[in-house]
Amino acid sequence: MSVGQNLPNITIGYSRGRLLVSFGAGLLLTLLCAALAFTWQQGKNITTFEVAACYVGAVFFGLATFRMLWRLISARSPVVFISRVGIRDIRLGDETIAWSSVRKIQIWEQRLQQFVVLKLDPLAAGRFSGGFLRRALSLMNKTLGADSVIVNAGGLTMDVKTLLEACRQYWGAGRPAPSDHSVPEPEPEPEAVS
């Protein structure tokens, strides 16, 4: 029995601490934008653009804060599942990505945020671009430079480096062992003609 056969299934959920920090930051920015928008209307040298920017900021940060609050309330179940068979991120879809269809696993950095990127076989990648939202997400990833499936570790209980190492370990254990057909069979020797 190999070491890869003893790997337990991993379930990764949202981290309440990280979500609370995001919720607090979003709430603070929402209140700041709303306060500036409502008190600036009574100011004298404030342009309409500045007031409009504060309203847009209050709406944007308000929606982000509501999203974090929703995640805090509903973050009871895991969202990423890693097993010997493959990886499944329910934020992307209900399908499991088999390790045999993963060609490469790497970290992709966009500005200050890091992601785990799974480079897939073209046939498997086609399954993840079925719906309109998935196609739009796939096109957005291609324009940003990540032509693959992205697993975001932001807000999860596992950081990016640990997620990458776990994916590589399970990827190595879950892939079929390469069969060694490179040894040629001996050719029969020609018979002497008399």
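The values are calculated or read from the model by the stated rules, or taken from the named source; none is laboratory data. All figures in this text were calculated on a predicted structure; none of them were measured in a lab. Positions of Cβ are generated from backbone atoms using ideal geometry, with glycine treated the same way; all protein chains shown enter the neighbour counts. The area values use the complete protein model at the heavy-atom level, side chains included, leaving out ligands, DNA and RNA. Shrake-Rupley method; radii C 1.70, N 1.55, O 1.52, S 1.80 Å.
Values as computed for the structure displayed
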quantity: Per-region count, segment 80-117, residues at pLDDT below 85 and in contact with a strand residue (DSSP E or B) (Cβ under 6 Å, 6 or more places away or on another chain); calculated: 1
quantity: Residues of segment 51-79 satisfying the condition of being at pLDDT below 90, assigned to a helix (DSSP H, G or I) and among the β-branched types (Val, Ile, Thr); calculated: Val51, Ile73
quantity: Test result for Leu72, under 18 Å from Ala153 (Cβ atoms) and either surrounded by fewer than 16 Cβ atoms within 10 Å (Cβ to Cβ) or small (Gly, Ala, Ser) (or both); calculated: yes
quantity: Selection count, segment 11-32, where residues are open to solvent by less than 30 Å² (accessible area, probe 1.4 Å) and either in contact with a helix residue (DSSP H, G or I) (Cβ under 7 Å, 6 or more places away or on another chain) or acidic (Asp, Glu) (or both); calculated: 3
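Table: residues versus (1) touching a helix residue (DSSP H, G or I) at 6+ places or on another chain (Cβ under 7 Å); (2) modelled with pLDDT under 80; (3) open to solvent by 50 Å² or more (accessible area, probe 1.4 Å); (4) closer than 30 Å to Gly24 by Cα.
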position	(1), (2), (3), (4)
Gly131	no, yes, no, no
Leu137	no, yes, yes, yes
Ile150	yes, no, no, yes
Thr157	no, no, yes, yes
Ala177	no, yes, yes, no
